[in-house]
1. How big is the equivalent ellipsoid of the chain along its three axes, where each semi-axis is √(5λ) from the Cα gyration tensor, reported in whole Å from largest to smallest?
2. What is the angle, in °, between the Cα long axis of helix 59-69 and the longest principal axis of the Cα atoms in the chain? Nearest 10 is fine, range 0 to 90.
3. Suppose a student asked you for the relative contact order of the chain, using Cα pairs under 8 Å spaced at least 6 residues apart; what percent would you report?
4. Set Lys and Arg Cβ to +1 and Asp and Glu Cβ to -1, take the dipole of the chain about its Cα centre, and tell me which of Q61, W114, S7 lies farthest positive.
5. Roughly speaking, what is the stretch gain from L24 to I54, that is 0.36 nm per residue apart minus the C-alpha to C-alpha distance, in nm to one decimal?
Amino acid sequence: MIVDHDSRYTLNLVKGRPVGMWRLEVARRARRTMPTEARLPPAVLGAWRQTYRIRRPSLRQTAILEDVLSRRPAEWVAAQLSSGTGEPMRRLLDADTTLNRDRLAAAAAHEAAWAAEKQAEAAAFEPLADILRCLARPADKP
């Protein structure tokens with residue numbers, strides 16, 4: 001059946017005009033998605049319209065913008081879309097990648113410093129570790 005292969009369609013069996021006849025109707029299902037304008041903040045939409053004029057963002061571009069907006073403020077996204085030369089989406093994604101890389105490097109440095117600090121603290125408790133090792137040994141039975 002067509003519904004098994006493409007869920008965008010529905011099939012209905014309805015009575016025909018002549019008695020005892022049936023008619024198969026095929027119809028497309030209505031799309032239940034929000035318009036792209038409703039899913040993006042006004043600042044981002046304004047920058048998009050300033051850059052691309054009448055062209056609206058595609059569904060894929062909207063998904064990418066929503067993903068970047070989950071990590072960055074709307075004003076930052078709008079500034080990246082409306083500044084500079086070249087392809088605005090490429091510029092936005094490059095700036096987002098650079099910031100992500102910088103944040104990951106800072107997090108790795110912070111984690112390395114924390115590990116070194118914990119290792120230094122562990123060295124200070126070496127006598128305590130010896131005591132615990134002695135307590136953990138099984139007692140000699142006479």
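FYI, it's all coordinate maths here, none of it is from the lab. Please read all numbers here as calculations on a predicted model, not as lab measurements. Cβ coordinates were reconstructed from backbone atoms using ideal geometry, including for glycine residues, and neighbour counts include every protein chain displayed.
1. Details: eigenvalues 716, 240, 20 Å².
Semi-axes, largest first: 60, 35, 10 Å.
2. Once rounded, one gets 30 degrees.
3. Here the relative contact order equals 13 percent.
4. S7
5. Working: separation 30, 0.36 × 30 = 10.80 nm, distance 4.09 nm.
Stretched out fully, the L24 to I54 stretch lengthens by 6.7 nm.
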